[in-house]
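Here the structure comes first, spelled out in structure tokens, and everything after it is commentary.
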């Protein structure tokens with residue numbers, strides 16, 4: 001799914017939540033795209049069990065769906081949602097009581113948050129609205145939020161002051177996501193402000209754990225944030241090729257396959 005379509009689908013979900021029921025024409029006019037494009041997006045959302053198509057429009061399949069769930073669902077509209085869920089479960093199993101963790105942005109880290117025991121006593125530093133919403137109600141979580149400007153397209157809260165806060169915080173584990181992983185070009189992402197936060201997290205944590213589905217292997221995004229030698233462990237899915245298994249073994253990176 002392209003970045004533009006991912007953004008549009010997320011906005012469609014939010015519109016349906018606000019209006020409860022909305023027509024194809026209304027969505028098309030608001031987003032300035034064709035009726036055909038909106039119908040295709042709605043068809044995909046219906047297949048995923050998120051909405052139900054009506055005559056000329058759509059409604060949420062579950063009218064009681066919360067805004068928190070919608071933000072998670074917005075992430076799930078990206079591909080490989082089941083693989084990311086399994087990666088999230090495996091990553092969450094590594095977190096011990098009273099640890100401090102850094103939780104990166106991306107479409108995999110919300111599954112880590114949702115997979116953690118609700119009453120687990122931990123300290124979490126995060127910088128996305130999705131993860132903040134997940135941890136806010138948990139009384140045993142010491143939540144450190146990075147403040148600043150909310151980039152709605154990427155769900156990231158960013159400011160220059162954030163970087164200094166990360167530098168002055170120490171974590172047991174940093175769960176880092178990536179838009180691409182290439183043996184030569186390293187780890188890459190889409191936004192320079194996101195890359196800056198990732199670098200500081202990597203520099204301020206004892207153990208660096210990369211959480212990514214195997215579709216990212218061989219991909220290259222525009223902004224580099226780390227080389228592979230910065231990573232201690234990779235958690236991915238069974239789709240990993242033999243080539244990348246050997247690569248990580250040669251680089252002495254611990255590999256965990258979520259299933």
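Observations on the model:
- 3 or more residues over 12 Å from residue 175 (Cα atoms): qualifying strands (runs of 3 or more DSSP E) within the stretch 188-259: 223-226, 254-257
- Among the candidates 135, 129, 102, residue that is farther than 20 Å from residue 202 by Cα and touching a residue at least 40 places away in the same chain (Cβ under 8 Å): 129
- Residue list for the stretch 178-191, filter: surrounded by fewer than 23 Cβ atoms within 10 Å (Cβ to Cβ), under 16 Å from the mean Cα position of the chain (by Cα) and in contact (Cβ under 8 Å) with a residue 40 or more places away in the chain: 179, 180, 190, 191
- Test result for residue 96, assigned to a helix (DSSP H, G or I) and out of contact with any strand residue (DSSP E or B) (no Cβ under 7 Å at 6 or more places or on another chain): no
- The one condition in (1) over 17 Å from residue 83 (Cβ atoms); (2) without any contact (Cβ under 8 Å) to a residue 40 or more places away in the chain that residue 245 fails to fulfil: (1)
- Test: residue in the stretch 39-62 that is over 25 Å from the mean Cα position of the chain (by Cα) and at pLDDT 85 or above: yes
- Within the stretch 165-179, the residues that satisfy the criterion of being at pLDDT 95 or above and under 15 Å from residue 224 (Cβ atoms) are 176, 177, 178.
- Residue 143 vs. criteria at pLDDT below 95 and part of a strand (DSSP E or B): no
- Flag if residue 194 is in the same structural domain as residue 99 (by TED's automatic domain parsing) and surrounded by fewer than 21 Cβ atoms within 10 Å (Cβ to Cβ): no
- Residue count for the stretch 122-140, restricted to those that are at pLDDT 95 or above, part of a strand (DSSP E or B) and either buried (at least 18 other Cβ atoms within 10 Å of the Cβ) or at positive phi (or both): 4
The values are calculated or read from the model by the stated rules, or taken from the named source; none is laboratory data. None of these values were measured; they are calculated from a predicted model. Cβ atoms come from the backbone with ideal geometry, glycine included; neighbour counts cover every protein chain shown.
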